[in-house]
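Take a look at the structure set out below.
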Amino acid sequence: LPTTCAFAELLNEPAQPEPKGGGNCNRTDLFDYYSKAIAAARSEGGLHPSTPLVIMDWPSWLNAFWDQNAPALASQPGAGALLFETHVYTHRKFTNLFELERLAMPQLARLRRFEKVTGLRTFVGEWATSNVGAPLQYVAVARWWYRTFGGSDGSGGDGSSEAGGDGGSDGSSDG
């Protein structure tokens, strides 16, 4: 039977989310791991080069390490298609979409910088609503993230009425 594989993530959430933070994941060791994992995934009988392999690291590390090192990983023989994934969390409670934007946009700017410097593609695989404070509704936050990543929520508007902190005026609930 034919099988379809959209992509394969090689590792989720390596330790030490910030270059100056805790954890104990040496990025040179992580580079070596990814290099070997790519070779193994692409070995004979493995994943086709057109199937993206996903390299995950935190937003701060995309600039602190991967800006300089990702091109070497992508150009190794047989690497095929690679995508870089990251996770964006605010780590502080926010009560309106202006606060969310203030907290999230610096992390998203790191992704844009990484793409500009390396020419490689990124995507955000995880983001959270866990720090949503009243009166903001989870639906409004989810729509903000979706629109921020280039999606359309089908409302036909830019959602600016939701940014005032009233939790959105569309009558939806937290779910």
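The values are calculated or read from the model by the stated rules, or taken from the named source; none is laboratory data. Since the model is a prediction, treat every value here as computed from it, not as a measurement. When we count neighbours, we look across all protein chains shown, and the Cβ atoms used for this are built from the backbone with ideal geometry, even at glycine. Please note that ligands, DNA and RNA were not included when accessible areas were found on the heavy atoms of the full protein model with its side chains. Shrake-Rupley method; radii C 1.70, N 1.55, O 1.52, S 1.80 Å.
Which of the residues belonging to the stretch 33-52 are in contact with a Lys or Arg (Cβ under 9 Å, 6 or more places away or on another chain), open to solvent by 40 Å² or more (accessible area, probe 1.4 Å) and closer than 14 Å to residue 74 by Cα?
Result: 49, single match.
Of the residues 115, 126, which is under 21 Å from residue 14 (Cα atoms) and at pLDDT 90 or above?
115
Any idea which residue in the stretch 57-100 is farthest from residue 133 (Cα to Cα), counting only those that are part of a loop (DSSP other than H, G, I, E, B) and free of Cβ contacts under 8 Å to residues at least 24 places away in the same chain?
So the residue we want is 77.
Of everything in the stretch 53-86 that's open to solvent by less than 40 Å² (accessible area, probe 1.4 Å) and among the polar types (S, T, N, Q), which residue is modelled with the lowest pLDDT?
In this case the residue turns out to be 60.
What pairs come out if I take residues in the stretch 112-141 that are in a loop (DSSP other than H, G, I, E, B) and pair them with residues that are of a type in the set (D, E, K, R) whose C-beta lies under 8 Å away, six or more apart or interchain?
Within 8 Å, the pairs are 121/115; 131/92; 131/93; 133/93; 135/166; 137/174.
What is the number of the single condition among (1) open to solvent by 60 Å² or more (accessible area, probe 1.4 Å); (2) closer than 18 Å to residue 38 by Cβ; (3) not in a loop (DSSP other than H, G, I, E, B) that residue 146 does not meet?
Status for residue 146: all satisfied but (2).
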